[in-house]
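The values are calculated or read from the model by the stated rules, or taken from the named source; none is laboratory data. What you see is a predicted model; the values in this text were computed from it and never measured. Here the Cβ positions follow ideal geometry from the backbone for every residue, glycine too, while neighbour counts run over all protein chains shown.
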Amino acid sequence: MSGLCGVVHFDGTRVERAALRAMAAALAFRGPDGSGLHVETSAGLAHAELRTDPGAPAGPQPMSLDGQSWIVADARVDAQSELRRSLAANGREGVDTCGDAALILHAWHAWGEDCVRHLIGDFAFAIWDGARRRLFCARDHFGVKQFFFARTGNRLVFSNTLDSVRAHAGVPATLDDLALADFLLFGHGLDAGATGFEAIRRLPPAGWLVASEHEFRTGTYWEPSPDQSVRYRHAGDYAERLRELLQLAVDDRVRSDRVAVQMSGGLDSTTLAALARRSLSARGRPFDLRAHTIVYDQLLPDEERRFSTLAAGAIGLPVRHHSGDTNLLYERFDRYAGRFPAPFHGPDLIVGYDALRGAAAHARVMLTGYDGDALLSESPRPYWRELWRQRRLHTLMASVTRHAIRRRRMWPSRPAAGPAEAPEFPAWIRADLVERLGLRERWRRFHGAVPETRELRPRAHQAIDEIRRTTLLFDQYDPGVTGLALECRHPFLDLRVVEFCLSLPPEPCCIDKAVLREAAKGLLPDEIRLRPKTPMAGWAGERMLQQPGARWIDDFEPVPGLDRYVERRSIPPVWGAARPLAAWRDLRPLTLNHWLPSQQRSCIPLEEAHHEIA
């Protein structure tokens, strides 16, 4: 979660140290372990260091290998042995013991802009080539790390922290009306590069940027591959390979001896917790691994306390349960809502925030189980259609028969056909905004679009596409929002794991996570490993909307500026509403109401915001 920022004047004018120091001050909370600045005449870089791996080589940043090209990075580079071998084969010296940022810089010296095609892990970085007066920046495949930039005239301002970019006096604070309208319409932006500000953009996942006096280019370096099936002779080989890759992903993410796990009582996160314990135990030195679980004992029926306790006991780690029973909608929300790059619709977010804060009290790294559900749960129907199209009838009959025996029925059941709630264009969006931005047509295009389908793994590809298109998931974990010295890592989104999972045959591997259940043998008790996927008996947000403590929502007072987007009197009552999904959508103006004030005044220092949240 280290902080980085920089300013480049491509017209050669001098970068003011005071401006760079103001930007660095806005991200200082991210780096309690060190800081550094490098300023040339027309370029300046700054870094704030957080060490999540105390025993690993690091080196101060900004960093240079030749005195001309400099890097600032917030990075964890995975599969380092393979990368070091490739770099050595390309004539790079001194790569055996260098740290993550130096590895990236070596890769850039070896392969130029193509260096990102040789990197896996979570990273955001900027490299200033002083000899050619050229800037190269990039972000990891799934957008776990943030990278914001503002281009104003011949100046480029950048950081992995939004407040750092905003701290530069040359960056306009004008709000992006279309981005905010998208939030009100859809609950998230449709442009992966947008923020809530016109002048501030962010690199999309797998995004890169090249800038100099005479060029400005952006693009992406990776897309999920079309369906490519892997075939093993023995069925057990799929599970063995998945377990091997997950162990590698966990090993790369568990470099510290103090680690937290965001662990439910389900299959995904408990498997990762067990693998993390194996990884730490293999080092032969003391470690501190703890689980954190959100539970509900009264608000709605929930078995997470029982199953997470069972899993923690079997794995051998302590678990702390964070109860959401007494939390209220929008509780303490105004203390961190404005930290999001754009409005984030999380009225019940405080439950998760308290769990993150509990983890940060003892660790700087937290593992999550996102998103094993999407990667490893699929219907066999698309697979069978493809086998039929290819006239692979023997394989088709074997697959259908195997499915029938295991599931005790010939065909997979379809989802229950119920009356889908038709989307309604919000009546509370201002008519002049609708007209000016063409929002009704935007609404029709969005809801009328036919999603691209992939022959074998439509659900998994859709999930990956949504992660890369909206980038909202990782905003809520980002230290720039939480103010916590905690880096959240997601082993299921390791590139090696994702590409392998996308290549698995849906039947039998991805029916009810069969391949993961097999891979978890010996790691988890069967009561956890074979536990059916059962959703909560209810939805916490809906229950919170029914509580007496939520009655105030219908009477909220609009802040200055909300009337630019919303007709307050047209918002229907939501407390106790009979249609909770519609009511949840009607809460979006209130979420915007919390976000706007912090964008219209100087930001609260993050350490103060953190104290006030606590």
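Filter region 76-100 for residues that are of a type in the set (D, E) and surrounded by fewer than 18 Cβ atoms within 10 Å (Cβ to Cβ) and give the result. Before the answer, list the steps.
If we filter region 76-100 for residues that are of a type in the set (D, E), which is where we start, we get 78, 82, 93, 96, 100.
Correct list: E82, E93, D96.
Give region 1-37 a look and list any residue that's assigned to a strand (DSSP E or B) and either touching a residue at least 40 places away in the same chain (Cβ under 8 Å) or of a type in the set (S, T, Y) (or both), or say none.
Within region 1-37, the subset assigned to a strand (DSSP E or B) is 3-9, 35-37.
Within region 1-37, G3, L4, C5, G6, V7, V8, H9, S35 meet the criteria.
Among the residues of region 215-238, which ones are part of a loop (DSSP other than H, G, I, E, B), in contact (Cβ under 8 Å) with a residue 24 or more places away in the chain and more than 30 Å from L135 (Cα to Cα)?
P226, D227, Q228, S229, V230, R231, A235
Among the candidates G12, G6, which residue alone is more than 27 Å from the chain's Cα centre (by Cα) and under 15 Å from L156 (Cβ atoms)?
So the residue among G12, G6 that is more than 27 Å from the chain's Cα centre (by Cα) and under 15 Å from L156 (Cβ atoms) is G12.
Quick check: anything in region 52-71 among the aromatic types (F, W, Y), assigned to a strand (DSSP E or B) and in the same structural domain as R133 (by TED's automatic domain parsing)?
yes
Answer yes or no: is there a residue in region 575-591 that is in contact with a Phe, Trp or Tyr (Cβ under 8 Å, 6 or more places away or on another chain), within 23 Å of N327 (Cβ to Cβ), in a loop (DSSP other than H, G, I, E, B) and in the same structural domain as D297 (by TED's automatic domain parsing).
Within region 575-591 (the criterion being in contact with a Phe, Trp or Tyr (Cβ under 8 Å, 6 or more places away or on another chain), within 23 Å of N327 (Cβ to Cβ), in a loop (DSSP other than H, G, I, E, B) and in the same structural domain as D297 (by TED's automatic domain parsing)), the answer is yes, since at least one residue qualifies.
From the list D297, D288, D268, exactly one residue is buried (at least 22 other Cβ atoms within 10 Å of the Cβ) and either touching a Gly at 6+ places or on another chain (Cβ under 9 Å) or of a type outside the set (S, T, Y) (or both). Which is it? Full working, then the answer.
Details: D297 fails: buried (at least 22 other Cβ atoms within 10 Å of the Cβ); D288 fails: buried (at least 22 other Cβ atoms within 10 Å of the Cβ).
Answer to the selection: D268.
Just one of the numbered conditions (1) touching a helix residue (DSSP H, G or I) at 6+ places or on another chain (Cβ under 7 Å); (2) under 21 Å from D114 (Cα atoms); (3) of a type in the set (A, V, I, L, M) is not true of L209; which one?
(1)
Against the definition (modelled with pLDDT of 95 or more and either part of a helix (DSSP H, G or I) or over 20 Å from A361 (Cβ atoms) (or both)), how does A291 come out, yes or no? I'd like the intermediate steps shown before the answer.
Numbers: modelled with pLDDT of 95 or more: yes; either part of a helix (DSSP H, G or I) or over 20 Å from A361 (Cβ atoms) (or both): no.
Judged against the criteria, A291 is not a match.
Residues V144, V77, V95: which one is in contact with an Asp or Glu (Cβ under 7 Å, 6 or more places away or on another chain), over 24 Å from V165 (Cβ atoms) and of a type outside the set (S, T, Y)?
Just one listed residue meets the conditions, V77.
Of R133, R139, which residue is of a type in the set (D, E, K, R), closer than 27 Å to G480 by Cβ and touching a residue at least 24 places away in the same chain (Cβ under 8 Å)?
Of R133, R139, the one residue that is of a type in the set (D, E, K, R), closer than 27 Å to G480 by Cβ and touching a residue at least 24 places away in the same chain (Cβ under 8 Å) is R139.
Could you please find all residues in region 526-556 being modelled with pLDDT of 95 or more and not in a helix (DSSP H, G or I)?
The answer is F556, and nothing else.
Would a scan of region 239-259 turn up a residue that is part of a loop (DSSP other than H, G, I, E, B), modelled with pLDDT of 95 or more, surrounded by 16 or more Cβ atoms within 10 Å (Cβ to Cβ) and assigned by TED's automatic domain parsing to the domain that holds A138?
no
Please indicate, with yes or no, whether at least one residue in region 446-458 is charged (D, E, K, R) and either modelled with pLDDT of 85 or more or in the same structural domain as P204 (by TED's automatic domain parsing) (or both).
no
Among residues belonging to region 213-229 that are surrounded by 15 or more Cβ atoms within 10 Å (Cβ to Cβ) and modelled with pLDDT under 95, point out the one that is nearest to C510 (Cα to Cα).
That would be D227.
I'd like to check which helices (runs of 4 or more DSSP H) are fully inside region 302-395 and have at least 1 residues that are at pLDDT below 90 and surrounded by fewer than 20 Cβ atoms within 10 Å (Cβ to Cβ).
Here the list reads 372-376, 381-389.
Among the residues of region 28-69, what is the count of those that are of a type in the set (D, E) and under 26 Å from the mean Cα position of the chain (by Cα)?
Number of matching residues: 3.
Specify which of the listed residues (G34, G94) is modelled with pLDDT under 95, touching a Pro at 6+ places or on another chain (Cβ under 8 Å) and on the phi > 0 side of the Ramachandran plot.
G34
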